[in-house]
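Chemist: Following this message is one structure expressed as structure tokens.
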There are 2 protein chains.
Amino acid sequence: MTPNYSEAEENYIKNIYHLQQATGFVTTNELAAALRSKPASITDMLKKLKVKKLLHYEPYKEFQLSPQGKKTALGIVRRHRLWEYFLVEKLRFGWDEVHEVAEELEHINSKKLVDQLDAFLDFPRFDPHGDPIPDSNGKMNLQQQFCLTGLLLNKPAEVTSVGSQSSELLELLKHKNITIGSKVEVKRKFSFDQSLELELDKQITVNISKQLAVVLFVRPV
Amino acid sequence: MTPNYSEAEENYIKNIYHLQQATGFVTTNELAAALRSKPASITDMLKKLKVKKLLHYEPYKEFQLSPQGKKTALGIVRRHRLWEYFLVEKLRFGWDEVHEVAEELEHINSKKLVDQLDAFLDFPRFDPHGDPIPDSNGKMNLQQQFCLTGLLLNKPAEVTSVGSQSSELLELLKHKNITIGSKVEVKRKFSFDQSLELELDKQITVNISKQLAVVLFVRPV
DNA sequence: AATTTTTTTTAGGTTTGTCTAAAATTATTT
DNA sequence: AAATAATTTTAGACAAACCTAAAAAAAATT
């Protein structure tokens with residue numbers, strides 16, 4: 001039925017999928033940065049993915065996943081997020097420790113395994129980072145979430161996801177006591193450096209740099 | 001600390017471990033058959049495993065795992081059997097469907113993942129095939145089980161494990177309604193073909209060929 | 001003990017996925 | 001529009017893990 005792809009191919013597909021969310025297209029250099037490899041290696045693989053009809057690609061042009069490629073990507077994202085949910089809910093991982101292990105688990109492509117895991121977890125719709133989990137047909141709940149920088153003053157909201165899993169970011173969030181689910185309200189905006197003063201869980205007040213604000217996503221409550 | 005080995009290396013180590021249970025030593029041809037690959041490929045890898053100090057090996061001689069290699073093997077076996085237990089107990093897999101998926105899961109070597117999984121499962125001591133699961137130090141419960149051919153007449157016993165996971169064997173067991181945990185009693189032994197007449201679960205009577213009897217293991221009850 | 005058979009190793013080749021260095025193309029600047 | 005800079009591709013190499021065919025060693029036969 002659906003072919004099986006190598007771990008390397010899957011990593012390319014997954015990263016192209018995430019990168020093309022922004023503008024619909026991805027460049028060789030962008031993808032090389034995301035995969036921490038060299039542009040020459042990217043070109044090699046792009047040609048292979050094109051032959052396998054996973055990618056729309058012409059030399060020297062930007063590229064994007066074909067419908068086939070997108071479907072494959074959604075399968076990988078589904079597996080990744082289900083395993084993250086499992087690790088946090090069942091194996092008591094911290095939500096900031098799951099990423100690496102899920103990167104390995106996501107490559108095990110057994111329909112029975114994944115669907116039974118989904119059922120065992122009671123068909124969760126969002127992973128521990130707040131990102132939606134595709135169902136077995138690849139359908140995802142859209143999120144009515146947006147960037148913290150766009151949140152109006154004194155509007156109560158809830159942190160739903162973070163824009164990166166870098167350990168630097170997670171360290172900072174832990175230190176500031178911000179997690180998925182934290183209740184926040186923007187109290188002041190400083191135009192000098194675009195930093196924000198935030199009220200956290202109706203209690204303490206913290207300051208947030210612009211760099212941090214752009215990677216925090218919230219939903220009004 | 002402990003190095004990380006490739007999937008291929010782990011498969012070699014695991015198979016050498018199982019094969020050397022019989023006589024303490026393994027030959028190139030034996031291992032090639034077990035891994036469904038060619039003797040020349042085996043030789044290549046043996047040299048690499050020797051360099052990594054996982055294997056005692058001299059050209060043209062039989063070989064066996066070093067203490068390091070055995071420890072590594074026990075880690076792989078632990079992961080394999082824990083995942084098998086998880087698949088059967090939590091994800092409702094049949095005990096005859098778990099092997100392939102567990103072969104993939106076993107290669108994910110994260111101490112936290114494996115130890116938390118172990119805890120989540122309540123530290124099971126035996127996998128669904130009746131084989132003992134090593135603890136986090138590599139210690140296993142010895143089994144007081146023996147081959148069905150050695151079971152005395154009219155001694156009640158319980159099937160604890162099977163000597164192979166071949167689909168042919170599993171098909172036959174399913175047909176005869178024999179599973180791990182079945183209660184059996186040997187009623188007659190026919191010396192002509194060394195077949196056995198068995199009473200199953202105090203109810204029906206079935207006939208078992210010698211070839212089948214040698215791969216069934218039991219424990220007196 | 002010499003010959004034949006079997007087992008194991010060596011030599012050389014293939015595929016996948018990576019790399020560096022150089023060439024080609026596209027984009028930007030002057 | 002020409003020159004420069006940035007991006008992308010090509011060419012050629014490399015490591016891992018496999019293969020086939022031939023050579024070497026060990027085991028079994030006569």
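Chemist: Count the net charge of all other residues whose Cβ sits under 12 Å from the Cβ of residue B:149, scoring Lys and Arg as +1 and Asp and Glu as -1. It would help to have the intermediate numbers written out before the result.
Modeler: Values: positive: B:189, B:210; negative: none.
Result for the local shell: +2.
Chemist: Hey, another quick one. Based on the alpha-carbon set only, what is the convex hull volume of the range A:113-221 divided per residue, in Å³? Spell out each step's value before the answer.
Modeler: Working: hull volume 12.7 nm³, N = 109.
So the per-residue hull volume is 116 Å³.
Chemist: Continuing with this model, one more query. Check residue B:184: other-chain or 5+ apart residues with amide H under 5 Å from its amide H, H built from backbone geometry?
Modeler: Here the answer is B:157, B:158, B:159, B:201, since their amide H atoms fall under 5 Å of that of residue B:184.
Chemist: Give me B:83, B:95 ranked fewest to most by other Cβ atoms within 10 Å of their Cβ, as a rough exposure proxy. Working shown, then result.
Modeler: Details: B:83 24, B:95 21.
Ascending number of Cβ neighbours within 10 Å: B:95, B:83.
Chemist: Which far-off residues, 5 or more places away or on another chain, put their amide H under 5 Å from the one on residue B:127, with H placed in the peptide plane?
Modeler: Those lying under 5 Å, H to H, from residue B:127 are B:133.
Chemist: Explain nothing, just compute: Karplus ³J(HN,Hα) = 6.51 cos²θ - 1.76 cosθ + 1.60, θ = phi - 60°, for every residue of the range A:117-128 in order, whole Hz, x for Gly and Pro.
Modeler: Rounded to whole hertz, the list is 4, 4, 5, 4, 8, 6, 6, x, 9, 9, 8, x.
Chemist: If you don't mind, another one. Using the count of nearby Cβ atoms within 10 Å as a rough guide to exposure, how do A:84, B:106 rank from fewest to most? Please list the in-between numbers first.
Modeler: Details: A:84 26, B:106 23.
Ordered from fewest to most neighbouring Cβ atoms within 10 Å, A:84, B:106 come out as B:106, A:84.
Chemist: Sorting A:166, B:161 on the 10 Å Cβ count, fewest up front, what's the list?
Modeler: On the way: A:166 12, B:161 19.
Fewest-to-most Cβ neighbours within 10 Å comes out as A:166, B:161.
Chemist: Relative contact order of chain B, please, whole-number percent, based on alpha carbon pairs below 8 angstrom and at least 6 residues apart.
Modeler: Details: 313 pairs, mean separation 32.4, N = 221.
Contact order relative to length: 15 percent.
Chemist: Can I ask one more? Suppose every K and R has +1 on its Cβ and every D and E has -1 on its Cβ; what is the size of the dipole of chain A about the Cα centre, in Debye to the nearest 20?
Modeler: Rounded to the nearest 20 debye, it is 620 debye.
Chemist: Let me ask something additional. Is the protein assembly as shown best put as rounded, prolate or oblate by its Cα gyration tensor, with a ≥ b ≥ c the root eigenvalues, rounded for a/c under 1.5, and otherwise prolate when a/b is larger than b/c, oblate when not? Mind dumping the intermediate values first?
Modeler: Details: a/c = 2.38, a/b = 1.88, b/c = 1.27.
Verdict is prolate for the protein assembly as shown.
Chemist: Run through the range A:1-81 and list the chymotrypsin sites (Phe, Trp or Tyr not before Pro) located in a DSSP loop whose Cβ has at most 10 other Cβ atoms within 10 Å. Don't skip to the answer; put the middle values down first.
Modeler: Numbers: sites: A:5, A:12, A:17, A:25, A:57, A:60, A:63; in loops: A:5, A:25, A:57, A:60.
Counting only loop positions with at most 10 other Cβ atoms within 10 Å, the chymotrypsin sites (Phe, Trp or Tyr not before Pro) in the range A:1-81 are A:60.
Chemist: What whole number of Å gives the distance from the Cα centroid of the range A:131-196 to the Cα centroid of the range B:155-221?
Modeler: Distance between centres, Cα-based: 60 Å.
Chemist: Here is a follow-up. Using θ = phi - 60° and the Karplus curve 6.51 cos²θ - 1.76 cosθ + 1.60, what whole-Hz ³J(HN,Hα) does each residue of the range A:158-173 get, with Gly and Pro shown as x?
Modeler: 10, 5, 10, 6, 10, x, 7, 10, 4, 5, 4, 5, 5, 4, 5, 4
Chemist: Let me ask you something else. Could you give the size of the charge dipole of the protein assembly as shown about its Cα centre, using +1 on the Cβ of each K and R and -1 on the Cβ of each D and E, expressed in debye and rounded to the nearest 20? Spell out each step's value before the answer.
Modeler: Values: 60 positive and 58 negative charges, 63 e Å.
Here the protein assembly as shown has a charge dipole of around 300 debye.
Chemist: Further question: Nearest 500 deg cm²/dmol is fine: what mean residue ellipticity at 222 nm does chain A get from its DSSP H runs of n ≥ 4 alone, each adding -39,500 (n - 2.57), divided by its residue count? If you can, show how the numbers build up before the last one.
Modeler: Working: 8 runs with 91 residues, N = 221.
My calculation for chain A gives -12500 deg cm²/dmol from helical runs alone.
Chemist: Label residue B:203 and residue A:47 with points 7 Å out from Cα along Cα→Cβ: what is the distance between them in nm?
Modeler: Spacing of the two 7 Å Cα→Cβ label points: 6.4 nm.
Chemist: Along the charge dipole of the protein assembly as shown, Cβ charges K/R +1 and D/E -1, which of A:129, B:45, A:194 sits furthest on the positive end?
Modeler: The residue sitting farthest along the positive end of the dipole is B:45.
Chemist: Another question about this same structure. Explain nothing, just the number: dipole magnitude of the range A:114-221 about its Cα centre with +1 on each Lys and Arg Cβ and -1 on each Asp and Glu Cβ, in debye rounded to the nearest 20. Walk me through the numbers on the way to the answer.
Modeler: Working: 12 positive and 14 negative charges, 116 e Å.
Here the range A:114-221 has a charge dipole of around 560 debye.
Chemist: Quick one: if the Förster radius is 22 Å, what FRET efficiency do residue A:179 and residue A:147 give, using the C-beta to C-beta distance and rounding to 0.05?
Modeler: Values: r = 18 Å, r/R0 = 0.80.
E between residue A:179 and residue A:147, to the nearest 0.05, is 0.80.
Chemist: How big is Rg to Rh over the range A:158-219, alpha-carbon atoms, Rh as the Kirkwood inverse-mean-distance radius? Write down the numbers at each step before the final one.
Modeler: On the way: Rg = 10.9 Å, Rh = 11.7 Å.
Answer for the range A:158-219: 0.93.
Chemist: Restricting things to alpha carbons, find the Rg to Rh ratio for chain B using the Kirkwood radius for Rh. All intermediate terms of the calculation are to be shown ahead of the outcome.
Modeler: Working: Rg = 19.0 Å, Rh = 19.0 Å.
Answer for chain B: 1.00.
Chemist: PRE reach from residue A:191 (point 7 Å along Cα→Cβ): which of the range A:146-162 fall under 19 Å by backbone N?
Modeler: Under 19 Å, as judged by backbone N against the label point of residue A:191, lie A:149-154 of the range A:146-162.
Each reported figure results from applying straightforward, stated rules to the coordinates on display, with no laboratory input. Treat the numbers as computed from the prediction; the structure is a model and nothing was measured. We place every Cβ from the backbone using ideal geometry, glycine too, and count neighbours over all the protein chains shown.
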